[in-house]
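I have placed the structure first, in the form of C-alpha cells, so that the comments after it can refer back to it.
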Amino acid sequence: MRRYFVTTFGCQMNAHDSERIKGTLESIGFGEASSREEADVLVFNTCTIREKPDQRFAAHMGDAKVLKQANPDAIVAVGGCYAEAQRERLFELYPFVDVAFGPGTIPHLADWIGADGQGVARGSFGIAEERSFSATLPLQRERRFQAWVQVSMGCNSKCAYCIVPSVRGREVSRRPGEILAEVSRLAGEGVREITLLGQNVNSWGRDLLPDVRTEFGELLRACDAVDGIERIRFTSPHPKDFRDPVIAAMAESAAVCEHIHLPLQSGSSRLLKAMRRTYDAERYLRLVDRLRAAIPDLALGTDVIVGFPGETEADFAETLRVVEAVRYDSAFTFIYSPRRGTEAADLPDQVPDGVKHERLERLVEVVQRIAAERNAERIGRVEEVLVEGSSRTDAALLRGRTRRNTTANFAGDARPGELVDVLVQGSTSMTLRGRQAALVAA
Ligand code: 5AD
Ligand code: SF4
C-alpha cells in the first residue's frame, strides 16, 4: 500500500483541513505512514499568518528536499495558506515540489495525486470560482470524542494586518441542513463535543439570506438540540457580530460552553480604527459586560497584537488597560508581523523590533498574572471535565478540559470520552489540578 504523511501548520481550520486531506487520500487507497521517511506522498498544509510559520515551513522544506533526493518517486505536495499566498513562486523557491494547492482546492487533491501520482499537477489554487468546501470530503478524524465542524469558509473583514481574506477568499456559509446532518452523524459516532469553525464564525448565515433566513444563534440552538452533543464551542467570533440573538442562544443552550475566544487585537481605539476592526475599546468592553451578564461564570480568551504600525507607548498602555479591565482567562499574544499585500504592511511608522519585543514581554507578564489569578479562583470548585487521555506531564493523572476550556490534570479512573466532575485543588496560569469527585456529583 502506498503511504502518506501530512504535516500541519497554523490554526484549527488548517488542522481540520488536514483531516479532510487525510480522508481524501485514504479514499483513494493510501494509508497513513508513521514517519515522513516511509511516505510516498508528503503533504505540508501550511500557514502564513505571521513570518514565524513561514520560517518553520522553510525549515521543513529542507527535510523534504533531502527525502526527495533519496526517493525521487516520492510526491511532495504543499497546500494551505502559504501555498496560496506564494502561488507559482513556491515552485521557484522549492523546485522539488510536485503539487501545490490553496486551501479552497482540497477537493481536487485526489485527481492530482490519484493514479499512482502519474500526471501530477504542478499547481492549482482556488481563491475564486474554483473554490469549494472541503467539508464534503471524506474525513479522517484526529480525536474520537471531539470534532471540528466547518460552518463557513473565507472572511469578508478587511483587518489591515491580516492575510487571511486574500488567501481564503470571500465568506461562504455552509447550508444549515448540511451542517446539522454532519453534527448528527458525528453524534452517532460517539462525538460529545463539537467546535464550529469559521474564519469569522458568528457572521455565519448572512450570505445565505434571503434564501435561508437564519443567523449564528439559530445554528447554536439547532446544534444544541442534537442528541448526544454535550458540548458546543465555536471559533473565532468577531466582536462586531455578537448580536443579542447570539448571546441569548448561548445563554439558553445547555450544551454551549461558557467560554468565548474574543479577539481584542488592541485596546487603543485609535489603532483599532487603523486596524479596521469596526469597534472601539469602549464598545468591546460593553460587549464583555453584556456577555458576562447573560452567561454566568463565562471564561474569556483573546488575541492581542503588539507593535502594529504607529503604536505609541500611550496606545500600548490602552491595551494593558483593557486587558486589566477584562481579566482574560487566557490570551494569545503576537508581535505584529508585516504580511505582503496587506494594508498595514505599507503603513509608515513600523515599530522597531526592540520596542515590539519589550512590549510583548510586558503584556505577557500581565496576561499570565491575571490568568493565574483567574485559575486560582477555581480552587475548591467542582468543574465538569471531558476526559481526553492521560496527563502529558504525569502519566498517573488524567487530562481533560473544563467547559470553560481550561486543561485539567486530575487523579481518577475515568475513561477518555467520559464527562466527570473534578474537584479543583491547585492551579497554574495555564492548567488546573484536582481529583475526580464522583461523590460530589452524586
Ligand atoms: N501579525 C501579528 N499577528 C497577526 N494575527 C493575524 N495577522 C497578524 C499579523 N500580521 C493574529 C491576530 C489573529 C490571530 C489568529 O493572529 O491576533 O486574531
Ligand atoms: Fe494560518 Fe490564517 Fe491560514 Fe489559519 S487561516 S492556516 S492562521 S494563514
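The values are calculated or read from the model by the stated rules, or taken from the named source; none is laboratory data. Remember, predicted model here, so these are calculated numbers, not experimental data. Heads up, the Cβs are rebuilt from the backbone with ideal geometry, glycines too, and the neighbour counts pull from every protein chain shown.
A residue that is closer than 22 Å to residue 406 by Cα and in a helix (DSSP H, G or I) occurs nowhere in the range 263-278. When residue 195 is tested against (1) in a helix (DSSP H, G or I); (2) in contact with a helix residue (DSSP H, G or I) (Cβ under 9 Å, 6 or more places away or on another chain); (3) modelled with pLDDT of 95 or more, exactly one condition is not met: (1). Looking across 434, 400, one residue alone is farther than 23 Å from residue 191 by Cβ and assigned to a strand (DSSP E or B). It is 434. In the range 359-381, the qualifying residues are those that are touching a Leu at 6+ places or on another chain (Cβ under 8 Å) and part of a helix (DSSP H, G or I), and the one that is surrounded by the most Cβ atoms within 10 Å (Cβ to Cβ) is 375. Scanning the range 201-231 for residues that are within 27 Å of residue 388 (Cα to Cα) and either assigned to a loop (DSSP other than H, G, I, E, B) or in contact with a Lys or Arg (Cβ under 8 Å, 6 or more places away or on another chain) (or both) yields 225, 226, 227, 228, 229, 230, 231.
Could you tell me whether the range 187-202 includes any residue that is of a type in the set (Asp, Glu), buried (at least 18 other Cβ atoms within 10 Å of the Cβ) and over 30 Å from residue 420 (Cβ atoms)? Explain how you work it out, then say what you get.
First, pick out the residues of the range 187-202 that are of a type in the set (Asp, Glu): 189, 193.
After this cut, where a residue has to be buried (at least 18 other Cβ atoms within 10 Å of the Cβ) as well, the list is 193.
Still in the list and also over 30 Å from residue 420 (Cβ atoms): none.
The answer is no, given that none of the residues of the range 187-202 is of a type in the set (Asp, Glu), buried (at least 18 other Cβ atoms within 10 Å of the Cβ) and over 30 Å from residue 420 (Cβ atoms).
For the range 301-310, the candidate set comprises residues that are out of contact with any helix residue (DSSP H, G or I) (no Cβ under 6 Å at 6 or more places or on another chain) and of a type outside the set (Ser, Thr, Tyr); within that set, the residue that is nearest to residue 377 (Cα to Cα) is 301.
If I filter the range 28-48 down to residues being hydroxyl-bearing (Ser, Thr, Tyr) and more than 16 Å from ligand 1 (Cβ to nearest atom), which single residue comes out as farthest from residue 76 (Cα to Cα)? Looking at the filtered set, the residue picked out is 34.
Sort out which residues of the range 320-354 are assigned to a helix (DSSP H, G or I) and within 12 Å of ligand 1 (Cβ to nearest atom), and write them in order of number. It would help to see each step written out before you state the result.
First pass over the range 320-354, keeping only residues assigned to a helix (DSSP H, G or I): 320-326, 343-346, 353-354.
Of everything in the range 320-354, those that are assigned to a helix (DSSP H, G or I) and within 12 Å of ligand 1 (Cβ to nearest atom) turn out to be 343, 344, 345.
Residues considered: 347, 300, 285. Of these, the only one that is of a type in the set (A, V, I, L, M), under 24 Å from residue 374 (Cα atoms) and surrounded by fewer than 20 Cβ atoms within 10 Å (Cβ to Cβ) is 285. The criterion of at least 1 residues that are surrounded by fewer than 20 Cβ atoms within 10 Å (Cβ to Cβ), among the acidic types (Asp, Glu) and within 16 Å of ligand 2 (Cβ to nearest atom) is met, among helices (runs of 4 or more DSSP H) falling completely within the range 1-99, by 51-70.
From the list 233, 168, 213, 175, which residue is in contact (Cβ under 8 Å) with a residue 60 or more places away in the chain and either over 18 Å from residue 84 (Cβ atoms) or more than 16 Å from ligand 2 (Cβ to nearest atom) (or both)?
Working: 168 fails: either over 18 Å from residue 84 (Cβ atoms) or more than 16 Å from ligand 2 (Cβ to nearest atom) (or both); 213 fails: in contact (Cβ under 8 Å) with a residue 60 or more places away in the chain; 175 fails: in contact (Cβ under 8 Å) with a residue 60 or more places away in the chain.
It is 233.
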